[in-house]
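Inspection log for the structure reproduced underneath, given as structure tokens.
The values are calculated or read from the model by the stated rules, or taken from the named source; none is laboratory data. From a predicted model like this one, the values you see are computed outputs, not experimental measurements. Using ideal geometry, Cβ is built from the backbone for each residue, glycine included, and neighbour counts are taken over all protein chains shown. Accessible surface is based on the protein model in full, side chains and every heavy atom, while ligands, DNA and RNA are left aside. Shrake-Rupley method; radii C 1.70, N 1.55, O 1.52, S 1.80 Å.
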Amino acid sequence: MLSAKRNTAFFFKTLLVLGFGYFFWLMLEITLEYIPYNPEVSFLMIKQTEVLERPEYLSFFYTHVYTSIFVLLSGFLALLRKNFGVKNFHRNMGKIYIFLILIFAAPSGIYMGVFANGGLLSKISFVILGFLWWFSTLKAYLLARQKRFKEHKQWMWRSFAFTLSAITLRMWKVIIVYLFHPNPMDVYQIIAWLGWIPNILIIEYLITKKLI
């Protein structure tokens with residue numbers, strides 16, 4: 001029985017790693033679209049008003065895009081809670097994750113949320129997401145400093161739930177467009193909320209059931 005449980009746990013961990021690896025690769029491909037610097041590619045093509053009228057917009061945009069890919073990777077590696085034979089690997093990945101979010105990724109995400117497509121509903125969602133992302137990461141950091149590691153772990157999972165919205169909102173977008181073919185602006189309003197609310201609800205459920 002114990003062996004079966006271990007095999008099941010190993011299977012799900014392997015599935016988790018492979019699943020993350022696949023979606024991380026997709027996110028990396030999206031990031032590489034913006035290298036070299038070109039303000040007239042991909043998503044920026046529909047943000048030309050901001051690009052032309054707000055000189056700071058591109059700085060915030062590229063800050064968010066370039067740091068978020070490292071946030072995804074470092075956060076995932078930190079949550080695996082393994083050192084892989086490298087001294088303090090877990091701790092250092094966590095430090096990189098927290099630093100990038102608090103200083104770069106979340107603040108730039110909040111700024112971009114103010115100019116999100118889809119009208120006021122989308123803007124509100126992305127700004128809330130940015131603040132919750134920043135706060136949950138700060139809380140995880142402060143708890144680690146206090147050596148309250150169980151709570152630190154839970155808040156890191158909350159933070160990573162918000163981090164994963166970069167992936168899940170794109171998944172929902174594909175599903176919704178394929179099934180319902182809605183107006184593009186309606187899609188933004190839907191995925192703006194759907195991209196992160198289910199994530200955090202799942203984590204809260206797992207925490208309540210003491211599975212995290």
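Quick look at the values:
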| read-out | value |
| --- | --- |
| Within a Gaussian network of the chain (alpha carbon springs, distance under 10 Å), most fluctuating of 153, 82, 47 | 82 |
| Over the chain, equivalent-ellipsoid semi-axes from the Cα gyration tensor in Å | 31, 20, 17 |
| Fraction of accessible area attributable to carbon and sulfur, the stretch 20-135 (%, probe 1.4 Å) | 71 |
| Over the stretch 31-88 - Rg/Rh using Cα atoms and the Kirkwood inverse-distance radius | 1.19 |
| GNM result for the chain, Cα springs below 10 Å: residue of 49, 137, 31 fluctuating most strongly | 49 |
| Alpha-carbon gyration tensor eigenvalues x 5, square-rooted, for the stretch 120-177, Å | 28, 13, 5 |
| Set 87/153; 173/210; 47/153 screened for pairs whose C-alpha atoms are more than 27 Å apart | 173/210; 47/153 |
| Where the stretch 1-141 is the region considered: accessible area per residue in Å², 1.4 Å probe | 60 |
| Cα-centre dipole for the stretch 53-212 with unit charges at Cβ (Lys and Arg positive, Asp and Glu negative), debye to 20 | 1040 |
| Choice from 53, 33, 151 showing the highest fluctuation, given a GNM over the chain with Cα pairs closer than 10 Å | 53 |
| C-alpha long axis of helix 165-180 to longest principal axis of the chain, angle in ° | 60 |
| Phi-based couplings in Hz for the stretch 86-99 (Karplus 6.51, -1.76, 1.60; Gly and Pro marked x) | 10, 4, 6, 4, 4, 5, 5, 4, x, 5, 4, 4, 5, 4 |
